[in-house]
Amino acid sequence: MNAMLLKNRLEKSPCIWMQASAVRRKFCAINYDCWPCRFDRALRRVCDENKRLRQKGKIPFGKKGRLIFWKDKLNGQPHWKRPCIHHMKGRIDFRICNREYKCKDCEFDQYFNDQYTVHAVVRPVDFINIEGMKVPHGFYLHKGHAWLRVEENSEVRVGLDDFALRLLGPLDRIEAPLVGKTLVQNRMGIKVNRGSLQADIFSPVSGVVTAINPKLRERGSLANQDPYTGGWVLRAHSETLRKELQHLMIGSETEAFYRAEIDRLYQVIETETGPMSTDGGQLGSDIYGNMPQVGWDRLVKLFLSK
């Protein structure tokens, strides 16, 4: 992206901390996805320490000692100068916060999340292309080929990755547990069907289902067409998210895992079909359909049931 265009785009997205005047200058480049933001975490740690020192009657020193939470900064302003967090993120027109930024107690916040975050899918910023298979930056991956995208307030969005969908080919139906049902990490959570064939995909996270993508029950192949955005399967609220993310892959870990999985898939295919062409061709979008002799159950057991 042109440097000037990037600068202009960023300056239209001032960080929440900057909008609250808690820091002088900081712009957001990750669409206000604060949870994984290193800057946000670092400032929170400093503010926590400053608050502990003040509670003990001590005065924190230096530039860091002057930092306070952005919420505390805004709560010190007149009531009419406290903008709703959703306005600060550019999602709604100006609205006053009436809850001192205690969003969990806010009916509007609940309504907004129900109406907005279920349907709004943040597109990946970029992809790694490995043997024609897409691996998005910023997504966590389970070894059973389900992906997880962290959203807000311990909410996550879950789907099937490009590898699993190419492996099984166009699906007739993808079924998620109903809203309110419980998911457990590393246990069966999603069912997929192709004709009379079925497979269970392990959940990448524990939590309670808060939304499902109903379109996939009627036309599972939508996920094959758009695995990481329109093809999402479910949303869930997880109280153990931070702990469970440690058991998932992201970034270079995912890339290395994909390369190993693709190499293993080639080996499996070649035991049935003989050496594959070395003319630079890539694995297609319907591996099982093109090579049914490899076996549906075998592919599921080797790559998805783990």
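The values are calculated or read from the model by the stated rules, or taken from the named source; none is laboratory data. Fair warning: this is a prediction, and the values are worked out from it, not measured in the lab. In this analysis, Cβ positions are derived from the backbone assuming ideal geometry, glycine residues included, and neighbour counts consider all displayed protein chains. To get the accessible areas, we keep the full protein, side chains included, count just its heavy atoms, and leave off ligands, DNA and RNA. Shrake-Rupley method; radii C 1.70, N 1.55, O 1.52, S 1.80 Å.
At R0 = 45 Å, how high is the FRET efficiency between Glu131 and Ala29 if r is their beta carbon distance? Nearest 0.05 is fine.
Once the sixth-power term is evaluated, E becomes 0.95.
The residues of the chain expose on average 56 square angstrom of accessible surface per residue, using a 1.4 Å probe on protein heavy atoms.
I want to check the label-to-label distance for Phe39 and Asp200. Put each point 7 Å from Cα in the C-beta direction and report it in nm to one decimal. Each label point lies 7 Å from its Cα, and together they span 4.5 nm. Model label points for Tyr266 and Ser21, set 7 angstrom from Cα along the Cα-to-Cβ axis, are 6.1 nm apart. Relative to the dominant Cα principal axis of the chain, helix 38-55 is inclined by about 40°.
Taking the Cα centre of the chain as the origin, how large is its charge dipole in debye, to the nearest 20, when only Lys and Arg (+1) and Asp and Glu (-1) carry charge on their Cβ atoms?
2240
Spacing of the modelled spin labels on Asp286 and Trp80, each 7 Å from Cα toward Cβ, amounts to 6.4 nm.
Taking 0.36 nm per intervening residue step and subtracting the Cα-Cα distance, what contour gain separates Arg95 from Lys301 on full extension? Write down the numbers at each step before the final one.
Working: separation 206, 0.36 × 206 = 74.16 nm, distance 5.18 nm.
Stretched fully, the Arg95-Lys301 segment lengthens by 69.0 nm.
For segment 133-208, a Kirkwood radius taken over Cα pairs fed into Stokes-Einstein (10 °C, viscosity 1.306 mPa s) yields D = 122 µm²/s. Once the Cβ-Cβ distance of Thr273 and Val184 is raised to the sixth power relative to R0 = 35 Å, the FRET efficiency obtained is 0.40. The simple Förster model, with R0 at 30 Å and r as the Cβ-Cβ distance, assigns His247 and Asp105 a FRET efficiency of 0.40. With the Kirkwood sum run over all distinct C-alpha pairs, the chain has a hydrodynamic radius of 21.8 Å.
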